[in-house]
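The values are calculated or read from the model by the stated rules, or taken from the named source; none is laboratory data. Just so we're clear, the structure is a prediction, and the values are computed from it rather than from any experiment. Because the Cβ atoms are built from the backbone with ideal geometry, glycine has one as well, and the counts that use them run over all protein chains shown. Keep in mind that these areas ignore ligands, DNA and RNA; they rest on the heavy atoms of the full protein, side chains included. Shrake-Rupley method; radii C 1.70, N 1.55, O 1.52, S 1.80 Å.
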Number of protein chains: 2
Amino acid sequence: MTSAHFDAERFRYLILAAQRLGQRQMNASMKAIGLTPAQSEVIRVLGQHQPITLKDLGELLICESGSPSRLIDRMVQDGLVEKEPHPSDARFVYLRLTPTGTEKARTIEEFEENMYRDLGLLFPNQEMSMVSDTLQKLLSHSPIADTLRKRGLLRDPAETD
Amino acid sequence: MTSAHFDAERFRYLILAAQRLGQRQMNASMKAIGLTPAQSEVIRVLGQHQPITLKDLGELLICESGSPSRLIDRMVQDGLVEKEPHPSDARFVYLRLTPTGTEKARTIEEFEENMYRDLGLLFPNQEMSMVSDTLQKLLSHSPIADTLRKRGLLRDPAETD
DNA sequence: TGAAATTAGATGACACGTCATTTAGTATAG
DNA sequence: CTATACTAAATGACGTGTCATCTAATTTCA
């Protein structure tokens, strides 16, 4: 096995491991407020882009690629999100947070602030940025880059090439 | 929003996005050989650690945390894996690749070699290592670090602190 | 030796996450 | 005006991934 092979395999599995670890921690933390990680991403995005159609919401979520029909269905059932028909085009559905959803949005925001602060304490700030810069390069030619850009999660949009 | 906050949120979602992108590409590639990404990780690990108990296999998989009972059940049904009772302790089950499974192992190995080569072409080799070093530090105090170490995916095991 | 603790694996329950297909509403082209 | 193309959302199908609980076998120890 060449060194390049080792580096690539190590990279591949460390990305997977980091995502899994983060997901498990988010599972536990969100469970305490009665949510899943996917639901909390929806609530955060919805809190900043209200009202929005299902399709447009789908284009803002990192956690899921297609249109989040069923994710939203569950959230409607749980009283977190409301659907509203589009006045002139019945194909669209507008989504809004309910008061309960809005309340959760603030709880999540507080939680995330703490989480980001803690994460920042683990590394020199510049080290995290360098990792992100490399990942951004890796993702820049994939469809998901659009989503990241719309979410304002990319640095230097001019250099996404 | 502070810059540290932005850096941490960007990092968080880039990890998620990279994992999702990789998973989707693996989905597509493995589908061509009739497998899922989780199944292909099992086959690769099993190819190098045969025979092995379910529990020990679970401790070698990055893709899943618990014991992979159902993942293996499906692979047994699909004729990829065989179960064999432990001679003296009926709690254990030994797992082995079937001839079909062994064949798939070689196909996967070839595919991965190409994938790792392609990935290596995207970055200066040292850049990928630096990212991995940071991720390794992040994961070093989590349970998943054991798995990574057993899989030989960590560099400088002495410095996991 | 025999009850209690421990262990490996199986199972239940739940919510994704992906791709493919279907349904239904709207726009477009002839 | 109507058949066709297009679009948004819903649905089907499938395989995870996680946590909790259960079952069965074995070990421990009073």
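Test residue B:40 against the stated conditions and say whether it is in contact (Cβ under 8 Å) with a residue 12 or more places away in the chain, near DNA strand D (Cβ under 10 Å from one of its atoms), away from chain A (no Cβ under 11 Å) and open to solvent by less than 50 Å² (accessible area, probe 1.4 Å). Yes.
Being open to solvent by 30 Å² or more (accessible area, probe 1.4 Å) and closer than 20 Å to residue A:103 by Cβ is the filter; apply it to the range A:3-37 and report the residue that is nearest to DNA strand D (Cβ to nearest atom). Only one residue fits best here, namely A:31. All of (1) more than 8 Å from every other protein chain (Cβ to nearest Cβ); (2) at negative phi hold for residue B:144 with one exception: (1). (1) within 16 Å of DNA strand C (Cβ to nearest atom); (2) open to solvent by 80 Å² or more (accessible area, probe 1.4 Å); (3) under 17 Å from the mean Cα position of the chain (by Cα): which one isn't true of residue A:106, the others all being true? So residue A:106 meets the others, but not (1). Screening residue B:20 on (1) closer than 30 Å to residue A:125 by Cα; (2) more than 10 Å from DNA strand C (Cβ to nearest atom); (3) not aromatic (Phe, Trp, Tyr) shows it passes everything except condition (2). Candidates are the residues of the range B:40-55 that are in a helix (DSSP H, G or I) and among the aliphatic types (A, V, I, L, M); the one that is farthest from residue B:80 (Cα to Cα) is B:54.
Going by what's in this entry, would residue B:111 be described as surrounded by 21 or more Cβ atoms within 10 Å (Cβ to Cβ) and more than 14 Å from DNA strand D (Cβ to nearest atom)?
Criteria not met by residue B:111.
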